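To keep things clear, I will list the structure first and then write my remarks on it.
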Amino acid sequence: MARRPRQRDEGQASDLVDKLVSINRVAKVVKGGRRFGFAALVVVGDTKGRVGYGAGKAREVPEAIRKATDQAKRKMIRVPIRDGRTLHHDVEGRFGAGRVILRAAPAGTGIIAGGPMRAVFETVGIHDIVTKSTGSSNPYNMVKATFAALHNLSSPRSVAARRSKKVSDLFGRGTKAEAQAQAAPQES
């Protein structure tokens, strides 16, 4: 019995935004001259908190971009975003010799980031962020370090669930009388 191919939800694929981060031409020297190949790095996201990256290699540029886009769609992750515009907290990511620091920013700041990182933030839907990259400026390392940092992000809701508390307990926004009442039994 023949298996039917899995059908994808067309609505999900159509709302994805993809950005070409870099394209690299490589040459292989053979007896008759040079054979050129292309490597593409693509970032794909839905501008609502999901993002992925992929790399593809082929003899033609469109085929390399297609392969990279397919891989990026398969490797998507969810990123917690505060107020639909920035990060919940500052975070650092490393990959190889590349290191990136991502900092939450107030409304109206915009995306202050270099090329490869900017593509990631535009596709994930972050509008206000300040970043700094040190070490390797290779686009592959910068994108992978940015994803390593995004993996380390956690939302207040997930932290509260992990610690079996309420979100309001994490921030300690109680009245002054409640804070003194809690401090008094600890002193005795």
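The values are calculated or read from the model by the stated rules, or taken from the named source; none is laboratory data. None of the values given here were measured: they were computed from a predicted structure. Using ideal geometry, Cβ is built from the backbone for each residue, glycine included, and neighbour counts are taken over all protein chains shown.
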Report task. Would you mind telling me which numbered condition in (1) touching a residue at least 24 places away in the same chain (Cβ under 8 Å); (2) surrounded by fewer than 16 Cβ atoms within 10 Å (Cβ to Cβ); (3) under 12 Å from the mean Cα position of the chain (by Cα) GLY84 fails? Result -> (3)
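Quick check, is GLY96 out of contact with any strand residue (DSSP E or B) (no Cβ under 7 Å at 6 or more places or on another chain) and either touching a residue at least 24 places away in the same chain (Cβ under 8 Å) or closer than 22 Å to VAL42 by Cβ (or both)?
Numbers: out of contact with any strand residue (DSSP E or B) (no Cβ under 7 Å at 6 or more places or on another chain): yes; either touching a residue at least 24 places away in the same chain (Cβ under 8 Å) or closer than 22 Å to VAL42 by Cβ (or both): yes.
Taking the combined requirement at face value, the residue satisfies it.
Any idea which of ALA104, ALA55 is of a type outside the set (Lys, Arg) and touching a Ser or Thr at 6+ places or on another chain (Cβ under 8 Å)?
Details: ALA55 fails: touching a Ser or Thr at 6+ places or on another chain (Cβ under 8 Å).
When all the criteria are applied, what remains is ALA104.
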Report summary line: When VAL17 is run through (1) out of contact with any Lys or Arg (no Cβ under 8 Å at 6 or more places or on another chain); (2) of a type in the set (Val, Ile, Thr); (3) modelled with pLDDT of 95 or more, the failure sits at (3)
Query raised in the report: When only residues in the stretch 118-127 that are within 13 Å of LEU102 (Cβ to Cβ) and aliphatic (A, V, I, L, M) count, which is surrounded by the fewest Cβ atoms within 10 Å (Cβ to Cβ)?
Result: VAL124
Query raised in the report: So which residues in the stretch 128-139 are buried (at least 16 other Cβ atoms within 10 Å of the Cβ) and either touching a helix residue (DSSP H, G or I) at 6+ places or on another chain (Cβ under 8 Å) or on the phi > 0 side of the Ramachandran plot (or both), if there are any at all?
Result: ILE129, THR131, SER133, SER136, PRO139
Report task. Go through the stretch 63-81 residue by residue and tally those that are within 11 Å of the chain's Cα centre (by Cα) and either outside any loop (DSSP other than H, G, I, E, B) or under 14 Å from VAL17 (Cα atoms) (or both). Result -> 3
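Taking ALA113, is it among the small types (Gly, Ala, Ser) and under 17 Å from GLY45 (Cβ atoms)? Can you show your working first?
Numbers: among the small types (Gly, Ala, Ser): yes; under 17 Å from GLY45 (Cβ atoms): yes.
In short, yes.
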Query - Test: residue in the stretch 22-35 that is in contact (Cβ under 8 Å) with a residue 40 or more places away in the chain and either loosely packed, with under 12 Cβ neighbours inside 10 Å or among the aliphatic types (A, V, I, L, M) (or both) - result: yes
**Report entry** Out of ALA113, ALA148, sole residue that is within 25 Å of ASP15 (Cα to Cα), touching a residue at least 24 places away in the same chain (Cβ under 8 Å) and among the small types (Gly, Ala, Ser)
**Finding:** ALA148
**Report entry** Residue match in the stretch 111-121 (condition: outside any strand (DSSP E or B) and aromatic (Phe, Trp, Tyr))
**Finding:** yes
Report task. Scan the stretch 160-171 and give yes if some residue there is part of a helix (DSSP H, G or I), surrounded by 15 or more Cβ atoms within 10 Å (Cβ to Cβ) and of a type outside the set (Asp, Glu), otherwise no. Result -> yes
**Report entry** Filtered residues of the stretch 40-62 (kept if outside any loop (DSSP other than H, G, I, E, B) and either closer than 19 Å to MET117 by Cβ or among the acidic types (Asp, Glu) (or both))
**Finding:** ALA40, LEU41, VAL42, VAL43, VAL44, GLY45, ARG50, VAL51, GLY52, TYR53, GLY54, ALA55
